[in-house]
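For reference, the structure is listed below as structure tokens.
The values are calculated or read from the model by the stated rules, or taken from the named source; none is laboratory data. The structure displayed is predicted, hence computed values, not measured ones. FYI the Cβ positions are ideal-geometry reconstructions off the backbone, even for glycines, and counts take in every protein chain you see. Note: accessible area is taken over every heavy atom of the protein model, side chains too, but ligands, DNA and RNA are not part of it. Shrake-Rupley method; radii C 1.70, N 1.55, O 1.52, S 1.80 Å.
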Amino acid sequence: MVKVTLMDGSVREYAAGTTLFEAAKALSQKLGREVCVALVDGEICDLRMPLEKDCAVEFVTFDQPVGKKAFWHTCSHVLAQAVKRLYPQAKLTIGPAIESGFYYDIDVETPFMQEDLDKIETEMQRIVKDNEPIERFTLPRAEALALAKKMEEPYKVILIEELPEGEEISFYKQGEFTDLCAGPHLMSTGALKAIKLIQITGAYWKGDAANKMLQRVYGIAFPKTEQLDDYIKLIEEAKRRDHRKLGRELDLYDIYDEGPGFPFFFPKGMVLRTELETFWRAEHKKAGYDEIRTPLILNEELWHRSGHWDKYKENMYFTKIDDENYALKPMNCPGGILAYKRHIVSYRDLPQRVAEMGVVHRHELSGALHGLMRVRCFTQDDAHIYMVPEQIPAEILGVIDLIDKIYQVFGFKYRVELSTRPANFIGEIETWNLAERKLEDALISRKIAYTINPGDGAFYGPKIDFHLVDSIGRTWQCGTLQLDFQMPERFDMVYIGADGEKHRPVMIHRTVFGSMERFIGILTEHFAGAFPTWLSPVQVMVIPITDKQHDYALSLTKELSDAGFRAECDARSEKMGLKIREAQLQKIPYMLVIGDKEIESGCVSVRSRSEGDLGAMPVADFSAKLKKEIASKYFELK
RNA sequence: GCUGUUGUAGCUCAGUAGGCAGAGCACAUCCUUGGUAAGGAUGAGGUCGUGCGUUCGAAUCGCAUCAACAGCUCCA
């Protein structure tokens, strides 16, 4: 007998060899939901695994991330099976479950069209209907290779060859279809009730642009059709939040054919930018930063010295002035370093925290451009911190804390990645290891959950990246913190120590917003255009009911503007209903309706975006309310 | 940059057996002065992304090019 401890702490006994599925079945009434896979002593297992020794078991349903993965991974196999039935010549590569849904990369002669997708989907539904049981079996490496060769799946052969020697290799089989796979999977294909193939795109084999481009079919699936309908609704809702759409509708910003990747900001968009900058300056002043500004164009020779010529030339724009070669800066650091070197610096002056709203130009690949999120000219809220080595830990923590504090003002959740030494690094490996350790120590001491992104550091140093999430779940790197021992070396930066000798400082490159453009894009989607009052381009719309109240409304608007609020008056000869509708669509926080009643009483009828109709109140009370609201979101941090 | 899709009025989109370019919103003028999400009438606005080609004739077919969208790659 085997003793099994369940999640609720209860212990049950089963005959050795009983499968997890049989155990789950016995418990199914208690669980009340269909089980996808199980966690046995923390390891994800198929339900077909037999119980062999005492263990702790947690049955996982589709509602849990692990359950979703197993469910969707089974979908990948069904997709592959359907493709092989319809296109026997197709060669399979890999097909994992992803954040939401699944895909399979397939090598086919002619790219799939929408009609192919429909056909594949129909075939998948047939496989689901047949409710094929899924079997797992393992083979020694040599036999696994022979099987893959027999199946004429060259990519699978490569995948098996890359697996470590000596281990048994697992396969999963459903009906006539067998695939190399580590699992876990569902017991059978029947549970995949609602499947939808979303789209078809190209993707490189092994993610390398030098390799062959494969066809990637994306799909999503749920145990119930209602869940699929909800998912589709969610995606449509998210598209309504797209910052490119809202940027036009709210008259904030746009990008035209005449300047791909070079955004225009209109007056209302500039209000956002300016407010963000004002906030940013206030926070940086408190955190002990000074601010500088360095040139957009600098001599090409500087970029040779910095290493950008060697490592970053492809992304740079060049120009010629009086027969001399110049470059538009893709980064702010070399300019900042020149500013550092204008004095002999004493250790007493360190750390120096020097911020710069730096406008940079980068020649991004045309296919990478994406609204404000990925552009070719952007303003980094950059800063460089120069310090003596002993100051590294405290300065890293200072930056992490500042970023956290600022993100919290907007209510952002974020993900943290530690990006390590890339292939094209400069400097010594030991220095890199030291820098990576310093960054990791800081994350650990702040108990911040992070993932490691190997090889993704800047060419001059490892970095901590802060990722924010857009409306459809894509994440964008915004804040970054890079620890750099290389640039100080290259630029022969020094400070004079207590011993009177020259020493090498260390530097941190960092941003909080990342870029004003990307941050504004994220912000637009995060708030769906309904920015908090302190950021709203128009905070108050004054709406006179008829032309008779225009003069009064205009003077009230001026009064509010003079008090420092962004107030506008809709003095068109339109019906009030229309003015309210439009103010609502523009997501303006407050509407003040002015009719004869209001003029007589000296009150305003207030309609709030978030609180609805607030009724009549004296103008002074409204001003006080607005002032308090703006202050609570922003100035409380001072 | 790669794969696929798309490009018609400021915006959202109709418009093929190739035969005189359409709608709604927005805009202008006039009427309407209305109490919490669209009052009415009239009008103006486009060489159909660009170029070349096929054709008696091209928004429509072909080629090239530019841009956008989705994904890959890359990145703040």
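Relative contact order for chain A: 9 percent, from Cα pairs under 8 Å spaced at least 6 residues apart, divided by residue count.
Beyond a 23 Å Cα-Cα separation, which of these cross-linked pairs lie in this structure: A:69/A:405; A:268/A:548; A:285/A:405? Where the Cα-Cα span goes over 23 Å, the pairs concerned are A:69/A:405; A:268/A:548. Among A:478-484, A:63-69, A:310-316, the peptide with the highest mean count of other Cβ atoms within 10 Å heads the list, and the full ranking is A:478-484, A:63-69, A:310-316. With 0.36 nm allotted per residue and the present C-alpha distance subtracted, the residue A:126-residue A:627 stretch has 174.1 nm of extension available. Across segment A:369-497, the convex hull enclosing all Cα atoms gives 140 Å³ per residue. The largest accessible area among A:155, A:590, A:347 belongs to the first residue in A:347, A:155, A:590, and the rest follow in falling order (1.4 Å probe, all chains).
For a straight C-alpha distance cut-off of 15 angstrom, the aspartates and glutamates reachable from residue A:212 (same-chain residues fewer than eight places away being disregarded) are A:105, A:107, A:109. Sequence-ordered 3J(HN,Hα) estimates for segment A:482-496 from the Karplus curve with 6.51, -1.76 and 1.60 and θ = phi - 60° stand at 10, 9, 10, 9, 8, 4, x, 5, 4, 9, 6, 7, 9, 9, 8 Hz, glycine and proline given as x. Only Cα sites of segment A:1-60 enter the Debye sum here, all with the same form factor; the resulting log10 I(q)/I(0) across q = 0.16, 0.27, 0.30 1/Å is -0.40, -1.27, -1.58, listed in q order.
Accessible surface calculations at 1.4 Å, restricted to protein heavy atoms, place chain A at 48 Å² per residue.
FRET efficiency for the pair residue A:617 and residue A:585, taken as 1/(1 + (r/R0)^6) with r the Cβ-Cβ distance and R0 = 22 Å, rounds to 0.35. Taken over segment A:437-541, the convex hull of the Cα atoms encloses 177 Å³ per residue.
Secondary structure note: in segment A:398-544, about 85% of the DSSP beta bridges are antiparallel. Of the residues A:402, A:614, the one with the largest accessible area comes first in the ranking A:614, A:402, computed with a 1.4 Å probe on protein heavy atoms.
Compared with the dominant Cα axis of chain A, that is its longest principal axis, helix A:267-286 is turned about 90°. The packing ranking of peptides A:617-624, A:423-430, highest mean first, is A:617-624, A:423-430, where packing means the average number of other beta carbon atoms within 10 angstrom of each residue. Semi-axis lengths, largest first, of the ellipsoid equivalent to segment A:121-163 are 27, 13, 8 Å, with √(5λ) applied to each eigenvalue of the Cα gyration tensor. Only one residue of A:218, A:83, A:453 has its Cα farthest out toward the positive end of the dipole of chain A, where Lys and Arg carry +1 and Asp and Glu -1 on Cβ, and that residue is A:218. Roughly how many whole Å is it from the C-alpha centroid of segment A:297-327 to that of segment A:81-148? Here the two parts' Cα centres lie 49 Å apart.
The orientation-averaged shadow of the Cα convex hull for segment A:569-638, equal to a quarter of the hull surface, comes to 5.4 nm². Here chain A exposes an accessible surface that is 52 percent carbon and sulfur, computed with a 1.4 Å probe and the other protein chains kept in place. Against the empirical 2.2 N^0.38 Å (N residues), chain A has a Cα radius of gyration ratio of 1.18. Taking θ as phi - 60° and the Karplus parameters 6.51, -1.76 and 1.60, the scalar couplings of segment A:142-158 work out to 4, 5, 4, 4, 4, 5, 4, 5, 5, 6, 6, 10, x, 5, 5, 4, 4 Hz in sequence order, x denoting glycine and proline. Backbone phi angles across segment A:600-614, fed through the Karplus curve with coefficients 6.51, -1.76 and 1.60 (θ = phi - 60°), yield HN-Hα couplings of 4, 8, x, 9, 10, 8, 9, 10, 9, 4, 9, 10, x, 6, 9 Hz in residue order; Gly and Pro are listed as x.
For segment A:247-293, the C-alpha radius of gyration sits at 1.51 times the compact-globule guess of 2.2 N^0.38 Å, with N the residue count.
Highest-first packing order for the peptide set A:229-241, A:251-263, A:371-383 is A:371-383, A:251-263, A:229-241, based on the mean count of other beta carbon atoms within 10 Å.
Which pairs break 31 Å Cα to Cα here: A:558/A:597; A:91/A:196; A:53/A:447? Those over the limit are A:53/A:447.
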